[in-house]
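The values are calculated or read from the model by the stated rules, or taken from the named source; none is laboratory data. Since we're looking at a predicted model, the values are computed, not measured. Here the Cβ positions follow ideal geometry from the backbone for every residue, glycine too, while neighbour counts run over all protein chains shown. Heavy atoms of the whole protein, side chains included, go into the accessibility calculation; ligands, DNA and RNA do not. Shrake-Rupley method; radii C 1.70, N 1.55, O 1.52, S 1.80 Å.
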Amino acid sequence: MLASPVVVANPSVDTMGNLSENSAQIYLVKSSISVMEGLESVNHLNNILSTDIGSLDKGMRIDGLICDSNGRVADIVNCYHMGKSILIVGIDSNTESTRELLTKGVPWDKKLSLLDGNGALEHLKIIGHDPSSLVEMLYPELSKLSENKYSEFENVVFSLGTHNEHEIIDIIVRRDNSDFYDRIERCNHKISKIEDWEFARIAVGYPGSNEVNTKYLPHDIGMINLISLNKGCYPGQEIHARLDSRSKPKKRMVVLSTTDVMEIGKYSLSDGSSVKITSIAVRDGLHLSMGICSVDVSTDATLVNCNSVSKLTLL
Amino acid sequence: MGILGGEGFSLPVVSKVNVVDVNIELTETAKAALSASMSGEEDTHVLLISAQSGGCSGYMYDMAIVEEPDNSDFQKIQFDRIRIFIHNKDSTMLNGIRVDYKDSLMGGGFQIENPNASKSCGCGQSFS
């Protein structure tokens with residue numbers, strides 16, 4: 001039995017620390033961007049999302065999960081109240097299913113419409129050490145960002161969120177807003193590619209299309225903070241409530257850091273458990289993988305029976 | 001102009017809706033309970049059954065006695081003097097339902113059994 005030196009750790013502890021010491025970078029994110037129009041938009045969304053967004057008002061952003069009736073996560077969405085409409089940003093691969101869900105269940109007497117915003121808007125994220133400073137450098141005129149609110153300045157929407165104790169700044173910008181892109185260039189910054197975002201999101205333990213596909217419960221992918229068990233019914237609520245009251249989560253998300261490439265699939269671990277690798281990314285020779293394993297996995301577990309990763313080194 | 005102003009936004013996303021001729025079943029107890037609830041207003045009021053997003057299982061039922069809506073998108077099903085309206089957009093989801101009424105203190109009231117539902121929540125008000 002071969003044992004390879006691999007870090008298996010909670011994303012909020014080990015691997016994250018290294019990445020967050022890097023200077024903040026701007027990443028282009030492939031997202032699903034929709035705009036819901038109509039007076040009953042908030043109520044309609046509140047019937048669907050796992051978080052209570054009944055209080056969502058102009059200038060606010062609230063995140064939530066869209067789950068199926070088995071409690072599995074179908075999408076993670078950020079909802080921005082823009083006054084007369086709600087801007088909904090979700091995971092790109094779930095665009096079609098989320099839009100169908102949002103439109104199919106509109107009550108017959110409510111005038112709600114959903115527009116495709118991907119042709120007009122682009123989604124970017126800033127991750128790394130002190131992302132707020134980068135925003136301040138780009139837009140010194142902008143006041144300090146706070147959570148659950150967004151700031152709109154010169155047709156750019158900025159909002160602050162945290163995940164696994166990492167600050168993440170979301171930016172929504174019109175594709176034709178040349179001033180925004182000019183500012184980035186003037187400040188000697190550049191927008192990282194989509195492939196780099198994949199690496200960055202694994203580094204901070206943020207689920208992507210391979211984790212948000214109706215296969216995993218919110219607990220499995222570290223999204224339990226986006227469940228409101230006291231809001232009443234939403235799709236999946238019965239399952240989430242039962243998990244909360246009668247059992248404990250069985251799975252958790254982990255990040256593996258290696259110097260050699262991993263493949264998506266199941267790997268055995270030295271503590272007798274296993275890890276299912278769901279996403280992989282590489283940057284500067286460093287390979288990161290996101291996976292789901294038993295909640296009781298040992299923090300010093302190593303991969304076994306895995307010749308191809310024998311060159312791995314501890315980070 | 002604002003971030004949502006200007007060009008580039010598409011026409012509204014429309015979910016494809018299949019319209020079927022709705023058949024429903026109304027039990028005798030449900031008929032009696034509805035007659036009592038409508039209290040002689042059967043000529044002007046109808047029972048409107050609809051479905052919308054929400055509930056534990058994805059979609060939830062809504063039943064209401066309302067003045068007859070002036071809308072040609074409804075299918076009308078008549079049981080003696082009681083008229084039931086179902087909107088075309090809900091026809092696929094609600095075709096074949098059986099409306100019953102249970103007279104009990106716990107969990108009583110109108111209940112819907114839906115042959116199209118792959119799953120229903122514990123309270124019976126939601127389905128998927």
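Of all residues being under 22 Å from A:Ser247 (Cβ atoms) and either open to solvent by less than 60 Å² (accessible area, probe 1.4 Å) or among the polar types (S, T, N, Q) (or both) in segment A:265-290, which is nearest to the chain's Cα centre (by Cα)? Just the residue, please.
Ranking the candidates gives A:Val275 first.
Keeping to segment A:217-243, report how many residues are more than 14 Å from chain B (Cβ to nearest Cβ), surrounded by fewer than 18 Cβ atoms within 10 Å (Cβ to Cβ) and assigned to a helix (DSSP H, G or I).
2
Output the residues belonging to segment A:168-209 that are of a type in the set (Lys, Arg) and open to solvent by 10 Å² or more (accessible area, probe 1.4 Å).
Of everything in segment A:168-209, those that are of a type in the set (Lys, Arg) and open to solvent by 10 Å² or more (accessible area, probe 1.4 Å) turn out to be A:Arg175, A:Arg183, A:Arg186, A:Lys190, A:Lys193.
Step by step: first the residues of segment B:84-103, then only those that are open to solvent by 40 Å² or more (accessible area, probe 1.4 Å) and more than 14 Å from chain A (Cβ to nearest Cβ), then the one that is farthest from B:Gly40 (Cα to Cα). Which residue is that?
Result: B:Asn95.
Could you list, ordered by first residue, the pairs with Cβ atoms under 7 Å in which the first is in segment A:220-245 and closer than 13 Å to A:Ile48 by Cα and the second is part of a helix (DSSP H, G or I) and of a type in the set (A, V, I, L, M), at least 6 apart or interchain?
A:Tyr234/A:Ile48; A:Pro235/A:Ile48
Given the residues B:Asp43, B:Asp73, which is the only one that is within 11 Å of another protein chain (Cβ to nearest Cβ), over 19 Å from B:Gly124 (Cβ atoms) and of a type in the set (Asp, Glu)?
Sole residue among the options that is within 11 Å of another protein chain (Cβ to nearest Cβ), over 19 Å from B:Gly124 (Cβ atoms) and of a type in the set (Asp, Glu): B:Asp73.
Being within 18 Å of A:Asp92 (Cα to Cα) and either assigned to a strand (DSSP E or B) or among the hydroxyl-bearing types (Ser, Thr, Tyr) (or both) is the filter here; which residues of segment A:27-49 pass it?
Correct list: A:Tyr27, A:Leu28, A:Val29, A:Ser31, A:Ser32, A:Ile33, A:Ser34, A:Val35, A:Met36, A:Leu49.
In the set A:Val212, A:Val157, which member is modelled with pLDDT of 90 or more, open to solvent by less than 20 Å² (accessible area, probe 1.4 Å), closer than 23 Å to A:Val35 by Cβ and part of a loop (DSSP other than H, G, I, E, B)?
Values: A:Val157 fails: part of a loop (DSSP other than H, G, I, E, B).
Result: A:Val212 is the single residue among A:Val212, A:Val157 that is modelled with pLDDT of 90 or more, open to solvent by less than 20 Å² (accessible area, probe 1.4 Å), closer than 23 Å to A:Val35 by Cβ and part of a loop (DSSP other than H, G, I, E, B).
Out of the residues in segment A:127-149 meeting the condition of being closer than 15 Å to A:Arg61 by Cβ and assigned to a strand (DSSP E or B), tell me which one is farthest from the other protein chains (Cβ to nearest Cβ).
Selected residue: A:Glu147.
Filter segment B:54-67 down to residues that are surrounded by fewer than 21 Cβ atoms within 10 Å (Cβ to Cβ) and either hydroxyl-bearing (Ser, Thr, Tyr) or within 14 Å of chain A (Cβ to nearest Cβ) (or both) and give me whichever is farthest from A:Gly236 (Cα to Cα).
The extreme case among them is B:Glu67.
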